[in-house]
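Engineer: What follows is a structure written as C-alpha coordinates; I'll ask about it next.
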Amino acid sequence: MSRRSRSRTRRRNRGRFGPLFKLLCVLAVVVALTGGATVFFRVETVTVTGNQRYTQEEIIAASGIQMGDNLYALNKVRIDRKIRTQLPYVGELSINRALPSTILINVTEWEAVAQVAVPDPEQAAAAQEDLTGGQEGAEPVPLAQEPWLISVRGKLLEQAPADSQAIVVTGLTAIAPQAGEMLRVPEGEATRLEALTALLQAVEEADLFDQVAQIRLETTRLTLRYAGRFDVKMRLNADFDYNIRLMQAVREQMEGKYGPEAAGSIDLTQEKHEAVYSPAKPEN
(Lines give C-alpha, C1' and ligand atoms only; values in the text may rest on other atoms or scores of the structure.)
Protein backbone atom coordinates (compact mmCIF):
# COMPACT_ATOMS: atom_id res chain seq x y z
CA MET A 1 0.00 0.00 0.00
CA SER A 2 1.36 3.40 -0.92
CA ARG A 3 2.09 6.09 1.62
CA ARG A 4 -0.75 8.19 0.21
CA SER A 5 -3.26 5.35 0.64
CA ARG A 6 -2.19 4.75 4.25
CA SER A 7 -2.64 8.46 4.97
CA ARG A 8 -6.17 8.41 3.57
CA THR A 9 -7.01 5.35 5.69
CA ARG A 10 -5.79 7.00 8.88
CA ARG A 11 -7.89 10.10 8.13
CA ARG A 12 -10.99 7.94 7.55
CA ASN A 13 -10.39 6.13 10.85
CA ARG A 14 -10.00 9.39 12.72
CA GLY A 15 -13.22 10.69 11.16
CA ARG A 16 -15.04 7.45 12.05
CA PHE A 17 -14.00 7.34 15.73
CA GLY A 18 -13.94 11.09 16.42
CA PRO A 19 -17.63 11.40 17.64
CA LEU A 20 -17.24 8.27 19.79
CA PHE A 21 -14.11 9.69 21.38
CA LYS A 22 -15.92 12.96 22.16
CA LEU A 23 -18.85 11.07 23.71
CA LEU A 24 -16.50 9.04 25.90
CA CYS A 25 -14.84 12.26 27.07
CA VAL A 26 -18.19 13.79 28.00
CA LEU A 27 -19.18 10.64 29.91
CA ALA A 28 -15.87 10.68 31.74
CA VAL A 29 -16.43 14.28 32.82
CA VAL A 30 -19.98 13.48 34.01
CA VAL A 31 -18.73 10.49 36.01
CA ALA A 32 -15.98 12.60 37.55
CA LEU A 33 -18.41 15.36 38.54
CA THR A 34 -20.91 12.86 39.97
CA GLY A 35 -18.18 11.14 41.92
CA GLY A 36 -16.98 14.48 43.23
CA ALA A 37 -20.49 15.43 44.36
CA THR A 38 -20.86 12.08 46.11
CA VAL A 39 -17.55 12.39 47.91
CA PHE A 40 -17.44 16.09 48.79
CA PHE A 41 -21.04 17.39 49.16
CA ARG A 42 -22.12 15.80 52.43
CA VAL A 43 -24.64 17.20 54.92
CA GLU A 44 -22.84 18.70 57.90
CA THR A 45 -25.39 21.32 58.98
CA VAL A 46 -29.20 21.63 58.89
CA THR A 47 -30.57 25.08 59.63
CA VAL A 48 -34.27 25.65 60.43
CA THR A 49 -35.96 29.06 60.33
CA GLY A 50 -39.53 30.30 60.81
CA ASN A 51 -40.42 27.73 63.45
CA GLN A 52 -42.23 28.66 66.66
CA ARG A 53 -44.34 25.72 67.83
CA TYR A 54 -41.77 23.07 66.93
CA THR A 55 -38.10 23.04 67.88
CA GLN A 56 -35.31 22.79 65.33
CA GLU A 57 -34.52 19.31 66.63
CA GLU A 58 -38.12 18.14 66.11
CA ILE A 59 -38.18 19.39 62.53
CA ILE A 60 -34.81 17.83 61.67
CA ALA A 61 -35.89 14.52 63.21
CA ALA A 62 -39.14 14.57 61.21
CA SER A 63 -37.24 15.30 57.99
CA GLY A 64 -35.21 12.10 58.27
CA ILE A 65 -32.04 13.93 57.19
CA GLN A 66 -28.87 12.44 58.67
CA MET A 67 -25.47 14.06 58.99
CA GLY A 68 -23.28 12.67 56.24
CA ASP A 69 -26.13 12.22 53.74
CA ASN A 70 -25.27 13.20 50.20
CA LEU A 71 -26.48 16.74 49.60
CA TYR A 72 -27.69 16.01 46.08
CA ALA A 73 -29.18 12.59 46.76
CA LEU A 74 -31.76 13.97 49.21
CA ASN A 75 -35.35 13.72 47.96
CA LYS A 76 -36.89 17.08 48.85
CA VAL A 77 -40.43 15.95 48.00
CA ARG A 78 -40.16 13.01 50.42
CA ILE A 79 -38.66 15.23 53.13
CA ASP A 80 -41.47 17.75 52.67
CA ARG A 81 -44.12 15.03 53.01
CA LYS A 82 -42.50 13.57 56.14
CA ILE A 83 -42.36 16.92 57.92
CA ARG A 84 -45.93 17.91 57.06
CA THR A 85 -47.29 14.52 58.12
CA GLN A 86 -45.44 14.21 61.41
CA LEU A 87 -45.75 17.89 62.37
CA PRO A 88 -49.32 18.91 61.47
CA TYR A 89 -48.92 22.60 62.31
CA VAL A 90 -46.31 23.03 59.55
CA GLY A 91 -47.98 24.85 56.67
CA GLU A 92 -45.63 26.22 54.03
CA LEU A 93 -42.20 24.64 53.70
CA SER A 94 -39.09 25.22 51.60
CA ILE A 95 -35.93 23.10 51.45
CA ASN A 96 -32.75 24.46 49.85
CA ARG A 97 -29.11 23.43 49.54
CA ALA A 98 -26.29 25.78 50.52
CA LEU A 99 -22.96 24.50 49.26
CA PRO A 100 -20.84 22.89 50.32
CA SER A 101 -22.58 21.13 53.20
CA THR A 102 -25.76 22.82 54.49
CA ILE A 103 -29.50 22.18 54.17
CA LEU A 104 -31.77 25.17 54.79
CA ILE A 105 -35.35 24.46 55.92
CA ASN A 106 -37.78 27.35 56.24
CA VAL A 107 -41.25 26.71 57.69
CA THR A 108 -44.44 28.67 58.14
CA GLU A 109 -46.72 27.21 60.78
CA TRP A 110 -50.51 27.05 60.62
CA GLU A 111 -52.72 28.48 63.35
CA ALA A 112 -55.72 26.59 64.69
CA VAL A 113 -58.52 28.89 63.52
CA ALA A 114 -61.57 26.62 63.84
CA GLN A 115 -62.74 23.48 65.57
CA VAL A 116 -65.09 21.01 63.88
CA ALA A 117 -67.68 19.94 66.43
CA VAL A 118 -68.80 16.34 66.92
CA PRO A 119 -71.96 15.75 64.82
CA ASP A 120 -75.23 15.15 66.62
CA PRO A 121 -76.68 11.60 66.40
CA GLU A 122 -79.06 12.48 63.56
CA GLN A 123 -76.29 14.02 61.45
CA ALA A 124 -73.94 11.10 62.20
CA ALA A 125 -76.62 8.61 61.11
CA ALA A 126 -77.19 10.50 57.87
CA ALA A 127 -73.43 10.56 57.24
CA GLN A 128 -73.17 6.80 57.80
CA GLU A 129 -75.95 6.20 55.30
CA ASP A 130 -74.18 8.43 52.80
CA LEU A 131 -70.86 6.66 53.31
CA THR A 132 -72.18 3.08 53.26
CA GLY A 133 -74.71 3.64 50.52
CA GLY A 134 -77.49 2.58 52.87
CA GLN A 135 -76.44 -1.07 52.62
CA GLU A 136 -77.81 -3.08 55.50
CA GLY A 137 -75.10 -4.73 57.60
CA ALA A 138 -72.32 -2.62 56.04
CA GLU A 139 -69.30 -1.94 58.24
CA PRO A 140 -69.74 1.52 59.81
CA VAL A 141 -67.20 4.17 58.87
CA PRO A 142 -65.24 5.67 61.81
CA LEU A 143 -66.35 9.24 62.51
CA ALA A 144 -64.94 11.90 64.83
CA GLN A 145 -65.78 11.38 68.48
CA GLU A 146 -64.03 14.57 69.61
CA PRO A 147 -63.89 18.10 68.17
CA TRP A 148 -60.88 18.67 65.94
CA LEU A 149 -58.83 21.80 65.33
CA ILE A 150 -58.26 22.75 61.68
CA SER A 151 -56.18 25.29 59.80
CA VAL A 152 -57.61 27.95 57.52
CA ARG A 153 -57.37 25.50 54.59
CA GLY A 154 -58.91 22.56 56.41
CA LYS A 155 -55.86 20.64 57.59
CA LEU A 156 -56.46 18.58 60.74
CA LEU A 157 -54.09 19.71 63.49
CA GLU A 158 -55.10 17.97 66.71
CA GLN A 159 -58.08 17.24 68.93
CA ALA A 160 -59.44 20.48 70.34
CA PRO A 161 -58.75 21.03 74.05
CA ALA A 162 -61.68 21.96 76.27
CA ASP A 163 -60.49 25.57 76.59
CA SER A 164 -59.99 26.15 72.85
CA GLN A 165 -61.04 29.60 71.61
CA ALA A 166 -61.14 28.55 67.95
CA ILE A 167 -64.31 29.15 65.91
CA VAL A 168 -66.85 26.40 66.55
CA VAL A 169 -68.02 24.81 63.28
CA THR A 170 -71.18 22.69 63.13
CA GLY A 171 -72.73 20.91 60.17
CA LEU A 172 -69.72 18.80 59.13
CA THR A 173 -68.93 15.16 59.89
CA ALA A 174 -65.20 14.42 60.07
CA ILE A 175 -64.33 10.99 58.65
CA ALA A 176 -61.57 9.09 60.49
CA PRO A 177 -59.73 12.28 61.44
CA GLN A 178 -55.97 12.08 61.80
CA ALA A 179 -53.52 14.87 62.59
CA GLY A 180 -51.59 15.99 59.53
CA GLU A 181 -54.27 15.02 57.02
CA MET A 182 -56.90 17.16 55.34
CA LEU A 183 -60.41 17.15 56.78
CA ARG A 184 -62.59 14.60 54.95
CA VAL A 185 -66.39 14.62 55.01
CA PRO A 186 -69.16 12.59 53.31
CA GLU A 187 -69.86 13.49 49.68
CA GLY A 188 -73.12 15.12 50.70
CA GLU A 189 -71.20 17.63 52.83
CA ALA A 190 -68.48 18.45 50.29
CA THR A 191 -70.10 21.76 49.29
CA ARG A 192 -70.25 22.79 52.95
CA LEU A 193 -66.55 22.03 53.44
CA GLU A 194 -65.61 23.99 50.33
CA ALA A 195 -67.67 26.93 51.59
CA LEU A 196 -66.07 26.72 55.03
CA THR A 197 -62.49 26.93 53.79
CA ALA A 198 -63.36 29.80 51.43
CA LEU A 199 -65.07 31.67 54.28
CA LEU A 200 -62.17 31.09 56.68
CA GLN A 201 -59.75 32.52 54.12
CA ALA A 202 -61.98 35.59 53.74
CA VAL A 203 -62.16 36.02 57.52
CA GLU A 204 -58.37 35.71 57.69
CA GLU A 205 -57.95 38.33 54.97
CA ALA A 206 -60.19 40.71 56.94
CA ASP A 207 -58.36 39.89 60.20
CA LEU A 208 -61.62 39.03 61.98
CA PHE A 209 -60.89 35.68 63.62
CA ASP A 210 -61.20 37.22 67.07
CA GLN A 211 -64.71 38.47 66.21
CA VAL A 212 -66.19 35.24 64.83
CA ALA A 213 -67.36 32.71 67.41
CA GLN A 214 -69.35 30.15 65.44
CA ILE A 215 -70.17 28.98 61.92
CA ARG A 216 -73.27 26.84 61.38
CA LEU A 217 -73.28 25.07 58.02
CA GLU A 218 -76.53 23.95 56.42
CA THR A 219 -77.55 22.53 53.04
CA THR A 220 -77.58 25.77 51.05
CA ARG A 221 -76.48 28.46 53.49
CA LEU A 222 -74.46 29.16 56.62
CA THR A 223 -74.82 31.38 59.66
CA LEU A 224 -71.86 33.18 61.16
CA ARG A 225 -71.87 34.57 64.71
CA TYR A 226 -70.16 37.95 64.49
CA ALA A 227 -68.99 40.32 67.23
CA GLY A 228 -71.01 38.36 69.77
CA ARG A 229 -74.17 40.25 68.70
CA PHE A 230 -74.93 39.50 65.06
CA ASP A 231 -76.08 36.34 63.27
CA VAL A 232 -75.05 36.74 59.64
CA LYS A 233 -76.63 34.51 57.00
CA MET A 234 -74.77 33.78 53.75
CA ARG A 235 -75.20 31.43 50.82
CA LEU A 236 -72.72 28.58 50.52
CA ASN A 237 -71.69 29.77 47.06
CA ALA A 238 -71.37 33.43 48.06
CA ASP A 239 -68.51 35.79 47.30
CA PHE A 240 -67.27 35.71 50.88
CA ASP A 241 -64.78 38.55 50.50
CA TYR A 242 -67.65 40.81 49.39
CA ASN A 243 -70.00 39.47 52.06
CA ILE A 244 -67.49 40.12 54.83
CA ARG A 245 -67.10 43.73 53.72
CA LEU A 246 -70.89 44.15 53.50
CA MET A 247 -71.32 42.58 56.95
CA GLN A 248 -68.87 45.07 58.46
CA ALA A 249 -70.61 47.97 56.72
CA VAL A 250 -74.03 46.93 58.05
CA ARG A 251 -72.63 46.63 61.56
CA GLU A 252 -71.24 50.17 61.40
CA GLN A 253 -74.55 51.51 60.13
CA MET A 254 -76.61 49.74 62.78
CA GLU A 255 -74.29 50.79 65.60
CA GLY A 256 -74.53 54.35 64.33
CA LYS A 257 -78.30 54.11 64.35
CA TYR A 258 -79.01 52.02 67.47
CA GLY A 259 -75.85 52.50 69.49
CA PRO A 260 -72.75 50.38 70.19
CA GLU A 261 -74.84 47.56 71.66
CA ALA A 262 -76.87 47.05 68.48
CA ALA A 263 -77.62 43.37 67.88
CA GLY A 264 -79.68 41.26 65.52
CA SER A 265 -79.49 39.28 62.30
CA ILE A 266 -78.00 40.29 58.95
CA ASP A 267 -79.38 38.39 55.98
CA LEU A 268 -77.00 38.42 53.01
CA THR A 269 -78.79 35.67 51.07
CA GLN A 270 -81.04 38.09 49.20
CA GLU A 271 -80.94 38.70 45.46
CA LYS A 272 -78.94 41.63 44.07
CA HIS A 273 -76.46 41.38 46.97
CA GLU A 274 -78.73 43.29 49.33
CA ALA A 275 -78.53 43.10 53.12
CA VAL A 276 -81.59 42.82 55.34
CA TYR A 277 -81.11 43.72 59.00
CA SER A 278 -83.49 42.59 61.73
CA PRO A 279 -82.90 44.00 65.23
CA ALA A 280 -82.81 41.52 68.08
CA LYS A 281 -85.96 41.33 70.12
CA PRO A 282 -85.51 42.91 73.56
CA GLU A 283 -85.28 40.44 76.42
CA ASN A 284 -88.18 40.43 78.84
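The values are calculated or read from the model by the stated rules, or taken from the named source; none is laboratory data. Computed from a prediction, not measured in an experiment: that's the story for all the values here. Virtual Cβ from ideal backbone geometry, glycine too; neighbours counted across all protein chains shown.
Engineer: Looking only at the stretch 112-131, which residues are touching a strand residue (DSSP E or B) at 6+ places or on another chain (Cβ under 9 Å) and outside any strand (DSSP E or B)?
Structural biologist: Ala112, Val113, Ala117, Val118, Pro119, Asp120, Gln123, Ala124, Ala127, Gln128, Leu131
Engineer: Give the residue, chosen from Val152, Val107, Val113, that is within 30 Å of Ser63 (Cβ to Cβ) and in contact (Cβ under 8 Å) with a residue 60 or more places away in the chain.
Structural biologist: Going through Val152, Val107, Val113 in turn, just one is within 30 Å of Ser63 (Cβ to Cβ) and in contact (Cβ under 8 Å) with a residue 60 or more places away in the chain: Val113.
Engineer: Does the stretch 132-155 contain any residue that is of a type in the set (Lys, Arg), outside any loop (DSSP other than H, G, I, E, B), under 17 Å from the mean Cα position of the chain (by Cα) and closer than 29 Å to Gln52 by Cα?
Structural biologist: There is at least one residue in the stretch 132-155 that is of a type in the set (Lys, Arg), outside any loop (DSSP other than H, G, I, E, B), under 17 Å from the mean Cα position of the chain (by Cα) and closer than 29 Å to Gln52 by Cα.
Engineer: Still on this model: Among what's in the stretch 167-189 and is within 20 Å of Thr223 (Cβ to Cβ) and in a helix (DSSP H, G or I), pick the residue that is nearest to the chain's Cα centre (by Cα).
Structural biologist: Glu189
Engineer: Moving on. Residues that are modelled with pLDDT under 95, on the phi < 0 side of the Ramachandran plot, surrounded by fewer than 17 Cβ atoms within 10 Å (Cβ to Cβ) and not in a loop (DSSP other than H, G, I, E, B): does the stretch 159-166 have at least one?
Structural biologist: The answer is no, given that none of the residues of the stretch 159-166 is modelled with pLDDT under 95, on the phi < 0 side of the Ramachandran plot, surrounded by fewer than 17 Cβ atoms within 10 Å (Cβ to Cβ) and not in a loop (DSSP other than H, G, I, E, B).
Engineer: Ok, one more. Using the structure shown, decide if Gln128 is more than 21 Å from Asn75 (Cβ to Cβ) and modelled with pLDDT of 90 or more.
Structural biologist: So Gln128 does not fit the description; no.
Engineer: Return yes when Ala213 is assigned to a loop (DSSP other than H, G, I, E, B) and free of Cβ contacts under 8 Å to residues at least 60 places away in the same chain and no when it is not.
Structural biologist: no
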